[in-house]
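The values are calculated or read from the model by the stated rules, or taken from the named source; none is laboratory data. Keep in mind it's a predicted model, so treat the numbers as computed, not measured. Reconstructed Cβ throughout: ideal geometry from the backbone, glycine too, with neighbour counts over all protein chains shown. These area figures cover heavy atoms from the full protein model, side chains too; ligands, DNA and RNA do not enter into them. Shrake-Rupley method; radii C 1.70, N 1.55, O 1.52, S 1.80 Å.
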Amino acid sequence: MPIKSSKRFLRSAGPGESSLKIVGSIIFPVKVYVKLNQNSPRILCVTNRLRNSELIDPVSQWRGPSGNILSENSSVKISPTGTLIFRRFKSNQSGIYTCSLVYKLTAEQPAKNLIMKYLIYAYSDPNYYYEFTAQYHAAPCNSIENISFEKTLLQLLSKLVAELSCEVTLIKSECHHVKMQRAGLQNEIFFTFSVASLDKENNRPCEQITCDTSERLSKARNLIENFFKQQAEITRRGSEQLPEIYYIEGTLQMVWVDHCYPGYGMNPLRHPDCPDCCVVCSPGSYNPSNGIHCLPCNDSFIYGATKCELL
């Protein structure tokens, strides 16, 4: 059965070459999503209508985003029939690729020429981190004791997950007066902090097939949760006189937060065939951080921009 051009072409290849095949269109550019550092599907220089037809003297030619004629090298393979395959696709290879096909349907007919365009994007799976919130009974809100406790708590949590190559980052710390039904006004600190994997390769997607980011983060999450359980148990087992600053049992909450690497973002409207993917930012946009959106930038003319500047 022919593969339609609107089909998602994701996770197309592992160590070997993909058996998926993508056909072109003379009506609209065909979007192709290639997983970063992996092989692309087979991109055919033919339309769906001509795919199963006998073509006489077919001649195809591929041009890259800069208009240069593509030739085979370590990262590009072009078959005698014009099929294009990328090996270990990189973000800077993203762009508009054009294939021209000259052919005859019969020996007597004049040659026909078709032009097909492909929008080829690098993508990666989203990374993620855990965001925790916890509440502590506190000293008066302007007390230096709260600041000292905050530093100590972050040091303890950071040390807890350091061997897992994870890091704890304070997002927010706020002290508030809370009115209790039977205890009057109390001071409480609302902590918000993240637990994230320390990524290799200067904050770029891991190229190894067996990255253990999820496993390490899962272990870090368990350590954090057990830490606060122990905090609650210590408070329960303590004397009647509680310390001035202590964890309020049951207030620990955790959410999973997706994020993309710099230069990548999620956009279900622009990429409906890859809505949950971190797709390389197109020219006119950039992502400087680990957010999930490519931001507008009129001075960006490259794919995967991490800065809004004219290059």
- Message: I'd like the GluC sites (Glu not before Pro) in the range 61-136 restricted to DSSP loop residues with at most 16 other Cβ atoms within 10 Å, sorted by number.
- Response: Glu72, Glu108
- Query: Which one of Ser143, Ser218, Ser19 has the biggest mean-square fluctuation once the chain is modelled by GNM with Cα springs under 10 Å?
  - Reply: Ser143
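How large is the dipole of the range 50-102 about the Cα centre if only Lys and Arg carry +1 and Asp and Glu carry -1, each at its Cβ, rounded to the nearest 20 debye? Please list the in-between numbers first.
Details: 6 positive and 3 negative charges, 72 e Å.
Taking the Cα centre of the range 50-102 as origin, the dipole is about 340 debye.
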- Query: Nearest 10 degrees, 0 to 90: what angle lies between the long axis of helix 213-237 and the longest principal axis of the chain (Cα atoms)?
  - Reply: 10 degrees
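About the Cα centre of the chain, what is the dipole size in debye to 20, counting +1 per Lys and Arg Cβ and -1 per Asp and Glu Cβ, all else neutral?
Working: 33 positive and 28 negative charges, 283 e Å.
For this selection, approximately 1360 debye.
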- Message: Test of understanding: express the Cα radius of gyration of the range 72-196 as a ratio to 2.2 N^0.38 Å, with N the residue count.
- Response: 2.21
- Using Cα atoms only, what is the angle between the long axis of helix 144-161 and the major principal axis of the chain, expressed in degrees (0 to 90) to the nearest 10? 50 degrees
- Above 24 angstrom, tally the Cα pairs of the range 219-311 and express them as a % of all pairs, no decimals. 49 percent
- Task: Provide the net charge surrounding Asp258, with neighbours chosen by a C-beta distance below 14 Å and charges set as Lys +1, Arg +1, Asp -1, Glu -1.
- Result: -3
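Per residue, how large is the accessible surface of the chain? Use a 1.4 angstrom probe and give square angstrom. Could you put the intermediate results ahead of the total?
Details: 17740 Å² over 311 residues.
On a per-residue basis, the chain sits at 57 Å².
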- Item | Most mobile listed residue (Gly250, Gly265, Gly95) in the chain, GNM with C-alpha springs under 10 Å | Gly250
- For Lys172, counting only aspartates and glutamates whose alpha-carbon sits under 20 Å away and dropping same-chain residues fewer than eight positions off, the answer is Glu131, Glu145, Glu150, Glu188, Glu225, Glu249, Asp258
- Message: I want to verify a result. In a Gaussian network model of the chain, Cα cutoff 10 Å, which of these has the top mean-square fluctuation: Ser100, Ser173, Ser53?
- Response: Ser53
- Item | Geometric extent, Cα atoms of the range 20-85 - Rg, Dmax (angstrom) | 12.4, 36
- Message: If every alpha-carbon in the chain counts as one equal scatterer, what log10 I(q)/I(0) does Debye give at q = 0.06, 0.08 1/Å?
- Response: -0.34, -0.53
- Message: Only four residue types carry charge here, +1 at the Cβ of Lys and Arg and -1 at the Cβ of Asp and Glu. Report the dipole size of the range 226-311 about the Cα centre in Debye, rounded to the nearest 20.
- Response: 80 debye
- Task: Under 13 Å Cα to Cα from Lys151, which aspartates and glutamates show up? Leave out anything in the same chain fewer than 8 places away.
- Result: none
- Given Val46, Tyr246, Ile56, which one lies farthest toward the positive end of the charge dipole of the chain, if we put +1 on the Cβ of every Lys and Arg and -1 on the Cβ of every Asp and Glu? Ile56
- Cα-based reach from Lys77 at 27 Å (exclusive), listing lysines while leaving out same-chain residues under 8 positions away: Lys4, Lys7, Lys21, Lys31, Lys35, Lys90, Lys104, Lys112, Lys117
- Note on the structure: In nm, the gap between the two label points placed 7 Å beyond Cα toward Cβ at Thr152 and Ser289 is 3.1 nm
- Item | Dipole of the range 96-170, positive direction: furthest Cα of Tyr118, Ala138, Phe149, with charges on the beta-carbon | Tyr118
